[in-house]
Amino acid sequence: MDALQIPESEMISRQIETARGLANDHYIGSDRYDEEREALLFSAWSGIAFASDVPHPGDAMPIDFAGLPLLLLRDHDGEINVFQNTCRHRGMILVEEKCNLRGTIRCPYHSWCYNLDGTLRATPHVGGPGVNYDENVDRRNLSLFPIKTHVWRDVVFVNISGDAPEFDDYADAIKERWKEHEKPLFAPGGSSSFEFDVACNWKLAVENYCESYHLPWIHPGLNSYSRLEDHYHIEEPGCFSGQGTMVYRQIEGERGERFPDFEGLSEFWNKGAEYIAFYPNVLFAAQRDHAYAILLLPKGPGRTVERVEINYPFDPKDRPDLSKLIESNAKQWYGVLEEDLFVVEGMQRGRHGLLFDGGKFAPKMDGPNYLFHLWAADRMSSRKLRLAAE
Amino acid sequence: MNLDGINAAILAAHSAGDGVSLAGLYRRAGDEFVAAGSIDEGCFFLTQAYVYSLEYGLDSAASIRSVLVAHGRER
């Protein structure tokens, strides 16, 4: 067995034929959850929010990302920034609720004020009553901790550790694959943005999403027009995996109306559609007439919030004639994605089975899923080696 | 200096979370103290006014800051 140099509990064979999946503690263990937070989420580019969450200058949204308090901001120039949502003075949470900031961020404790670029603007009474400076409090060194941020396909990605490759390099393979889809996206909001609070480890949602093996059983509605054999694996080791279909069928309204296509797509996309888990925690769909993204927001080893946003190639405000179809499409996707919930929750409960050995992969069907396990194991292994060297 | 009237208004604005009013009320208190020669008290209240002016993006922030700087309370 060509095993990685990692402990038995994390051992993933380099061959799918002989491999077992990640062991139970990767799904239910608190210590492992903390380790994976660093190795899989914080050291990579993770999706934490949608840019459409903060549409206006001054909009601010606090985010708890796997226990890390973050603050998503759109500054007065319209740029998106993410900071740690923690005052540099006493560590108070700065923004508790989604809001619009007209001026600075004021800490609710001692009222230290930060500009929306994170710089510390005012330190009231810091030198005594009515004295707002102190020789030992250098504002220039006390900006909010900035988080490396990049927006792609309306998803706000962050690299918490700050040492990942630049996003364009990190995402090079998927951007190349979907270069025809590099188009403006419009999010209608409303019922087209929804979420599920799911009793599973976030990785199980990735694993379920990236394989087509489950489709005929969990989504039987597909069988009439999109059979298992119409699907193919998408496998980009170390980056993403997923599945594609060659028989994508557009949704139609009562009068036969359809959504307009993204401009400039090649013939492939007339019938083709792809569903990719972009490691670590963003699930994307690319289709001729609409897209979506699902953010997997871990809330603990056994709980994940899935946030879904459906996007269109047109501004829905300009197409009131399509508003009913947008509603129907949202309802359809809500139903499809809801069908997966009992599976991921069932797998989570199954991971409490003491005798479970990580699971036997079906070599012909589980390739995309296996790649995700391999990616996770590799990153855990790298983390361990790095810590050992320090 | 009698702050009774303005104090009640300040407390009411704090209760209501009305930062714009707080900026104005603290400014008034600060200016009155400064005008009366009570610089320490005045700068205390002007600092309060400065913070709320900053928070709400009010133009008054610049002029309040100037007063604080002039009295050596801000840099």
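The values are calculated or read from the model by the stated rules, or taken from the named source; none is laboratory data. No experiment lies behind these values; they were computed from the predicted model shown. Neighbour counts run over all protein chains shown; Cβ positions are idealised from the backbone, glycine included.
Some values worked out for this structure:
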quantity	calculated
One residue from A:P237, A:P301 being under 30 Å from A:G29 (Cα atoms) and loosely packed, with under 15 Cβ neighbours inside 10 Å	A:P237
Test: residue in the range A:252-273 that is within 21 Å of A:H214 (Cβ to Cβ) and either under 18 Å from the mean Cα position of the chain (by Cα) or in contact (Cβ under 8 Å) with a residue 12 or more places away in the chain (or both)	yes
Matching residues, the range A:175-204, being of a type outside the set (F, W, Y) and within 30 Å of A:N24 (Cα to Cα)	A:E195, A:D197, A:V198, A:A199, A:C200, A:N201, A:K203, A:L204
Strands (runs of 3 or more DSSP E) wholly inside the range A:100-172 that include at least 3 residues being touching a residue at least 24 places away in the same chain (Cβ under 8 Å)	A:146-152, A:155-159
Residue check for A:Y248: within 20 Å of A:K331 (Cβ to Cβ) and outside any strand (DSSP E or B)	yes
Residues of the range A:26-60 classified as more than 24 Å from A:V206 (Cβ to Cβ) and in contact with a strand residue (DSSP E or B) (Cβ under 7 Å, 6 or more places away or on another chain), total	6
Residue list for the range A:114-139, restricted to those being hydrophobic (A, V, I, L, M, F, W, C), buried (at least 21 other Cβ atoms within 10 Å of the Cβ) and at the interface with another protein chain (Cβ under 7 Å from one of its Cβ atoms)	A:A122
Residues that are in contact with an Asp or Glu (Cβ under 9 Å, 6 or more places away or on another chain), surrounded by 20 or more Cβ atoms within 10 Å (Cβ to Cβ), of a type in the set (A, V, I, L, M, F, W, C) and not in a loop (DSSP other than H, G, I, E, B), drawn from the range A:17-59	A:F50
Within the range A:186-205, tally of residues that are touching a helix residue (DSSP H, G or I) at 6+ places or on another chain (Cβ under 9 Å) and not in a helix (DSSP H, G or I)	11
Filter result for the condition that a residue is over 20 Å from A:D366 (Cβ atoms), modelled with pLDDT of 95 or more and touching a His at 6+ places or on another chain (Cβ under 9 Å), over A:A291, A:A273, A:A285	A:A291
Cβ-Cβ under 8 Å pairs, at least 6 apart or on other chains, the range A:50-78 side in contact (Cβ under 8 Å) with a residue 60 or more places away in the chain, far side among the aromatic types (F, W, Y)	A:A66/A:F42; A:L68/A:F42; A:L70/A:F83; A:L71/A:F83
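Listed here are the residues, each with its yes/no results for (1) in contact with a Cys (Cβ under 6 Å, 6 or more places away or on another chain); (2) under 20 Å from A:A23 (Cβ atoms); (3) charged (D, E, K, R).
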| site | (1), (2), (3) |
| --- | --- |
| A:P320 | no, no, no |
| A:S323 | no, no, no |
| A:Q332 | no, no, no |
| A:G350 | no, yes, no |
| A:D366 | no, yes, yes |
| A:Y370 | no, yes, no |
| A:A376 | no, yes, no |
| A:A389 | no, no, no |
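Let's see how each residue does on (1) of a type in the set (S, T, Y); (2) away from chain A (no Cβ under 11 Å); (3) surrounded by fewer than 20 Cβ atoms within 10 Å (Cβ to Cβ):
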| residue | (1), (2), (3) |
| --- | --- |
| B:G17 | no, no, yes |
| B:R27 | no, yes, no |
| B:D31 | no, yes, yes |
| B:L54 | no, no, no |
| B:G57 | no, no, yes |
| B:S63 | yes, yes, yes |
| B:G72 | no, no, yes |
